[in-house]
1. Compare the Cα positions of I48, A123, L158 along the charge dipole of the chain (+1 at Cβ of Lys, Arg; -1 at Cβ of Asp, Glu; about the Cα centre) and return the one farthest towards the positive end.
2. Using the 10 angstrom Cβ neighbour count as an exposure proxy, how do S156, S161 rank, fewest first?
3. What is the angle, in °, between the Cα long axis of helix 91-109 and the longest principal axis of the Cα atoms in the chain? Nearest 10 is fine, range 0 to 90.
4. Please compute the volume of the convex hull spanned by the alpha-carbon atoms of the chain and report it per residue in Å³.
5. Evaluate E = 1/(1 + (r/R0)^6) for R63 and A131, where r is the Cβ-Cβ distance and R0 equals 25 Å; express this FRET efficiency to the nearest 0.05.
6. At 222 nm, what helix-only mean residue ellipticity would the chain give, in deg cm²/dmol to the nearest 500, using -39500 (n - 2.57) for each DSSP H run of four or more?
7. What spacing in nm lies between the two simple spin-label points modelled at A16 and A149, each 7 Å away from Cα in the Cβ direction?
8. Listed highest first by mean packing, meaning other Cβ atoms within 10 Å per residue, what order do 29-41, 135-147 come in?
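Computed from the coordinates by the stated procedures, all read-outs in this text should not be read as laboratory data. Here the structure is a predicted model, which is why all the values come from computation and not from measurement. Note that each Cβ is placed from the backbone with ideal geometry, even for glycine, and that neighbours are counted across all protein chains shown.
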Amino acid sequence: MTTPGPIARHLAADHARLDALLARALARPGEVDLDAFGEFRAGLLRHIGLEEKVLLPAARAARGGAPLPEARRLRIDHGAITSLLVPTPTRAIAAELHAILGPHDEVEEGPDGTYAACDGLLADEAEALVARLAAYPAVKVNRYQDGPAVHRTAASALAASARQFERKPPF
């Protein structure tokens, strides 16, 4: 087994931090700690921004303009995750987030995953890229919205995200 590179270490550590925040948000049975969930939500949106605005474009550039094979799937997942962060959180929504995040994180963190691929592709600039990731600003987080068009299940969110991806080019 190879030792994870700097990109994988940095982003996997952020996954662990986010997992701990979500666990804290759900620590009391039947309740959602809105402060802890708010930290999780803001952190997860920033993490998605790291991948969408820094990591995936750097990998695409290193591949001569060709996106990583899993980039489309990651972008669909990111769209679904962000749509599940729109409504006021419930334990059911947290379960839906888990349904996406578990497999999503495996695609990113696995030995042949996105992060390992990026460490290989970007080896000469990995430390500088990690510095850019660390310096990435917090994202603006809007108030929760609870209207009838808001997605509350992973299946609905993933389907909507996939449809959006089909309508516009990813770059």
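1. The residue sitting farthest along the positive end of the dipole is L158.
2. Values: S156 15, S161 21.
Ordered by Cβ neighbours within 10 Å, fewest first: S156, S161.
3. For 91-109 against the chain, the angle is about 10 degrees.
4. On the way: hull volume 20.1 nm³, N = 171.
Dividing the Cα hull volume of the chain by its residue count gives 117 Å³.
5. Details: r = 22 Å, r/R0 = 0.87.
Plugging the Cβ-Cβ distance into 1/(1 + (r/R0)^6) gives 0.70.
6. Values: 8 runs with 109 residues, N = 171.
Mean residue ellipticity, 222 nm, calculated: -20500 deg cm²/dmol.
7. Here the answer is 4.1 nm between the modelled labels.
8. On the way: 29-41: 15.5, 135-147: 10.2.
Output ranking for 29-41, 135-147: 29-41, 135-147.
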